[in-house]
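**Student:** First, the structure itself, so that you have it in front of you.
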Amino acid sequence: MSKLTRSVLYWLLLSPLVVLVLFPFAVMFITAVKPQAEVLDPAWWPSAARWANFAEMWRATGFGGALLNSLYVSGMATVITTAVSIPAAYALSRYRFAGRGAFRQFLLVSQMLSPIVLVVGLFRLVAAMGLIDSLHAVTMVYAAFNTAFSVWMLQSYFATIPKDLEEAAWIERASPFQTLTRVFLPLAVPAMVVTAIFTFINTWNEFVVALTMLRQQSAYTLPIQIFSLVAGRYTVEWHYVMAAAFVATIPVAILFAWLQRYLVRGLALGAVK
């Protein structure tokens, strides 16, 4: 069987999955470019694509501010989570200390708790500190929720890196910090990128905590801003809702496209090692 024939066969086998994945995005995009009078029309294609819907949605819904808020919250939460998780995961994978097993079990059990279970207590804590409508408070909550997951993932990968490499660096009179930054961390880049991607996506899509702690529209993140286009409205402008939802997926798609090689490499190396 030739290479071209195998490629065609593989694409035929994958085509149902591709259609299933892309269908919601196709519905969002087509609805977003429909004229308002045709939004609820059962016809699949609009009579004429109305690209102005995106610009009108941007101006009418305050989408730009919500986009910046989501980028700030997701980016800062990812940076904080990664910075805290790397040394914690390194310690778990390289050192033996009292309570190490219990701490690992604690990390695993903490992943079973949904944010909605803790949201009331978190709201009371944030309110007592006077941080309602604070993006900084939401960022710290997101970082706290994602740290356990990140440490669990990273320590599993760090444990697969041979310790002989670090010992060789020590023989060359490298300090522990130099060994960590120049030998260990470069080998762990794929795992750190994978963890950062998952953290960014989790915070980008988070809804319950943001809905509870953000009251003013100027502080809304994208999920709350899009939700506000539907909730409590007598008439829902679905072409704006779909345009906003479609644009909200673009930053994550760009992130995946940019870091795809690290994502595939990290998952593959973690499986092989």
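The values are calculated or read from the model by the stated rules, or taken from the named source; none is laboratory data. Remember, predicted model here, so these are calculated numbers, not experimental data. All Cβ positions, even for glycine, are placed from backbone atoms using ideal geometry, and neighbour counts span all protein chains on display.
**Student:** If we keep just the residues of segment 11-48 that are among the polar types (S, T, N, Q) and modelled with pLDDT of 85 or more, which is farthest from VAL247 (Cα to Cα)?
**Tutor:** Step one: filter segment 11-48 for residues among the polar types (S, T, N, Q), giving 15, 31, 36, 47.
From what's left, modelled with pLDDT of 85 or more: 15, 31.
Numbers: SER15: 25, THR31: 13 Å.
The qualifying residue farthest from VAL247 (Cα to Cα) is SER15.
**Student:** Moving on. Can you find a residue that is more than 15 Å from LEU222 (Cβ to Cβ) and not basic (Lys, Arg) anywhere in segment 60-67?
**Tutor:** As a first pass, look at segment 60-67 and keep what is more than 15 Å from LEU222 (Cβ to Cβ): 60.
With the extra rule that they be not basic (Lys, Arg), the set shrinks to 60.
Scanning segment 60-67, I find at least one residue that is more than 15 Å from LEU222 (Cβ to Cβ) and not basic (Lys, Arg), so the answer is yes.
**Student:** Condition check: modelled with pLDDT under 85 and farther than 22 Å from TRP238 by Cβ. Does TYR95 satisfy that?
**Tutor:** On the way: modelled with pLDDT under 85: yes; farther than 22 Å from TRP238 by Cβ: yes.
Yes; evaluated as a whole, the condition is true for this residue.
**Student:** If I go through segment 123-151 residue by residue, how many of them are of a type in the set (A, V, I, L, M, F, W, C) and under 21 Å from the mean Cα position of the chain (by Cα)?
**Tutor:** So the answer is 11.
**Student:** Could you check PRO87 against (1) without any contact (Cβ under 8 Å) to a residue 60 or more places away in the chain; (2) farther than 30 Å from GLU166 by Cα and say which number it fails?
**Tutor:** Exception for PRO87: condition (2).
**Student:** Return the total of residues in segment 138-160 being touching a residue at least 12 places away in the same chain (Cβ under 8 Å) and either of a type outside the set (A, V, I, L, M, F, W, C) or surrounded by fewer than 20 Cβ atoms within 10 Å (Cβ to Cβ) (or both). Step through it out loud before you land on a result.
**Tutor:** Let us first name the residues in segment 138-160 that are touching a residue at least 12 places away in the same chain (Cβ under 8 Å), namely 138-143, 145-160.
Checking the rest, the ones that are also either of a type outside the set (A, V, I, L, M, F, W, C) or surrounded by fewer than 20 Cβ atoms within 10 Å (Cβ to Cβ) (or both) come to 139-140, 142, 146-150, 152, 155-157, 159-160.
Within segment 138-160, residues that are touching a residue at least 12 places away in the same chain (Cβ under 8 Å) and either of a type outside the set (A, V, I, L, M, F, W, C) or surrounded by fewer than 20 Cβ atoms within 10 Å (Cβ to Cβ) (or both) number 14.
**Student:** Can you tell me which residue within segment 102-119, out of those that are more than 16 Å from LEU154 (Cα to Cα) and free of Cβ contacts under 8 Å to residues at least 12 places away in the same chain, is nearest to the chain's Cα centre (by Cα)?
**Tutor:** SER114
**Student:** List every residue pair whose Cβ atoms sit under 6 Å apart, with the two residues 6 or more apart in sequence or on different chains, where the first one lies in segment 196-224 and is of a type in the set (D, E, K, R) and the second, anywhere, is modelled with pLDDT under 90.
**Tutor:** Filtered contacts from segment 196-224: ARG215/ASP133.
**Student:** Then there's this: Out of the helices (runs of 4 or more DSSP H) lying entirely within segment 175-232, which hold 1 or more residues that are closer than 30 Å to LEU165 by Cβ? Explain how you work it out, then say what you get.
**Tutor:** Numbers: elements: 176-179, 189-205, 208-213, 222-228.
Passing ranges, in order: 176-179, 189-205.
**Student:** Starting from residues that are in a loop (DSSP other than H, G, I, E, B) and at pLDDT 80 or above, keep the ones in segment 233-270 and report whichever is surrounded by the most Cβ atoms within 10 Å (Cβ to Cβ). Step through it out loud before you land on a result.
**Tutor:** Residues of segment 233-270 in a loop (DSSP other than H, G, I, E, B): 233-237, 249, 259.
Filter once more, so that each one left must be at pLDDT 80 or above: 237, 249.
Details: GLU237: 19, THR249: 16.
My answer is GLU237.
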